[in-house]
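The structure appears right after this line, and notes come after that.
The values are calculated or read from the model by the stated rules, or taken from the named source; none is laboratory data. Here the structure is a predicted model, which is why all the values come from computation and not from measurement. Reconstructed Cβ throughout: ideal geometry from the backbone, glycine too, with neighbour counts over all protein chains shown.
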2 protein chains.
Amino acid sequence: MILTFMDDLKIYFAGSIRGGREDADLYLQIIDELKQYGTVLTEHVGDNSIRNVGEQDVPEKYIHDRDMEWIHNSDLVIAEVTVPSLGVGYEIATAINLGIPVYCFFNTNSDKSLSAMIRGSKELTVVDYQDFGEIKSALSKIFNDTKIRDK
Amino acid sequence: MILTFMDDLKIYFAGSIRGGREDADLYLQIIDELKQYGTVLTEHVGDNSIRNVGEQDVPEKYIHDRDMEWIHNSDLVIAEVTVPSLGVGYEIATAINLGIPVYCFFNTNSDKSLSAMIRGSKELTVVDYQDFGEIKSALSKIFNDTKIRDK
């Protein structure tokens, strides 16, 4: 029964595309990890062939409308927020407005400072991490949270 | 009559803080320009003393809640979106959700690519520019738009 719920979970993973692709390998690792918990709607975010000019030969309006529809249909949003990105910020605020749970992962070993709009929001959860093991543990805890499973 | 409207206009200016402060001088110039059209709620965004760690000695929750309140009270949002920023993306989506007009200024001379979430949205206006003169002309056009004046 619980497994059925898990199989049906739709996960929107958000990571920087045009803001910078330096963490693309990490996004791929996170997406692979997320797949054991549900369907990742945004697998392309971890695609190494996508550079910071974004998806090739796809009109921007199509990308925007497709991603907004995915957010509307998702059960939760997992965002990697270490590399600053307009799109990720936009996606997070959209999800919050829809009442969809949002978890933001931030690498405290980086030289970045996380936006006060994210760090200071009560409507999302920030997970600070220093290595991938901490991401895995946090995801395991998030997906074993009954509030998400019993949607 | 029209001048009364203009005097009362509340403008939310959005620019990168923790995403990077390389355009802080430009933000200050834009804010100075905006002041002739109304009250700029977010003057601190152009403050050169604010580095990319953000406002000093101000709790993040305070910053988030203050900025959200300002957006709720604003008549329009002018965002400079050349430097990628989670906070600016978050602010833009929040304003759109509230039905507040959003204008995003992007410098096409930069080496950046504007997020498809911004470029592909029908619910905001992107203004591409190459120099400050073009920003000034665009602002003049925006603030002489009767739809904004006759709020």
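Key figures
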| item | result |
| --- | --- |
| From A:17, A:63, A:50, residue being in a loop (DSSP other than H, G, I, E, B), under 22 Å from residue B:111 (Cβ atoms) and in contact with a Gly (Cβ under 7 Å, 6 or more places away or on another chain) | A:17 |
| Of all residues in region A:83-119 being surrounded by 22 or more Cβ atoms within 10 Å (Cβ to Cβ) and of a type in the set (Ser, Thr, Tyr), the one that is farthest from the chain's Cα centre (by Cα) | A:115 |
| Filter result for residue B:64 (over 17 Å from residue A:89 (Cβ atoms) and within 14 Å of chain A (Cβ to nearest Cβ)) | no |
| Cβ pairs under 7 Å, 6+ apart, first in region B:62-80 and more than 14 Å from residue B:100 (Cα to Cα), second aromatic (Phe, Trp, Tyr) and not in a helix (DSSP H, G or I) | B:80/B:105 |
| Sole exception among (1) at pLDDT 95 or above; (2) more than 24 Å from residue A:68 (Cβ to Cβ) for residue B:50, by number | (1) |
| Matching residues, region B:80-93, being at the interface with chain A (Cβ under 7 Å from one of its Cβ atoms) and over 13 Å from residue A:88 (Cα atoms) | B:81 |
| Among residues of region B:89-148, those that are under 14 Å from residue B:14 (Cα atoms), among the hydroxyl-bearing types (Ser, Thr, Tyr) and not in a helix (DSSP H, G or I), counted | 1 |
| Residue within region A:112-129 that is more than 30 Å from residue B:72 (Cα to Cα) and either at pLDDT 95 or above or touching a Gly at 6+ places or on another chain (Cβ under 7 Å) (or both) present | yes |
| Only one of B:141, B:122 that is over 30 Å from residue A:22 (Cβ atoms), more than 14 Å from chain A (Cβ to nearest Cβ) and either within 15 Å of the chain's Cα centre (by Cα) or exposed (fewer than 14 other Cβ atoms within 10 Å of the Cβ) (or both) | B:141 |
| The one condition in (1) more than 14 Å from every other protein chain (Cβ to nearest Cβ); (2) without any contact (Cβ under 8 Å) to a residue 12 or more places away in the chain; (3) under 14 Å from the mean Cα position of the chain (by Cα) that residue A:49 fails to fulfil | (3) |
| Lone unmet requirement of (1) of a type in the set (D, E, K, R); (2) over 14 Å from the mean Cα position of the chain (by Cα); (3) within 27 Å of residue A:82 (Cβ to Cβ) for residue B:69 | (3) |
| Region A:97-108 - residue that is β-branched (Val, Ile, Thr) and closer than 24 Å to residue B:20 by Cβ and, of those, farthest from the other protein chains (Cβ to nearest Cβ) | A:108 |
| Residue match in region B:128-143 (condition: within 17 Å of residue A:89 (Cα to Cα) and out of contact with any strand residue (DSSP E or B) (no Cβ under 9 Å at 6 or more places or on another chain)) | no |
| Count of residues meeting criterion [under 19 Å from residue A:127 (Cα atoms) and assigned to a helix (DSSP H, G or I)] in region A:27-47 | 8 |
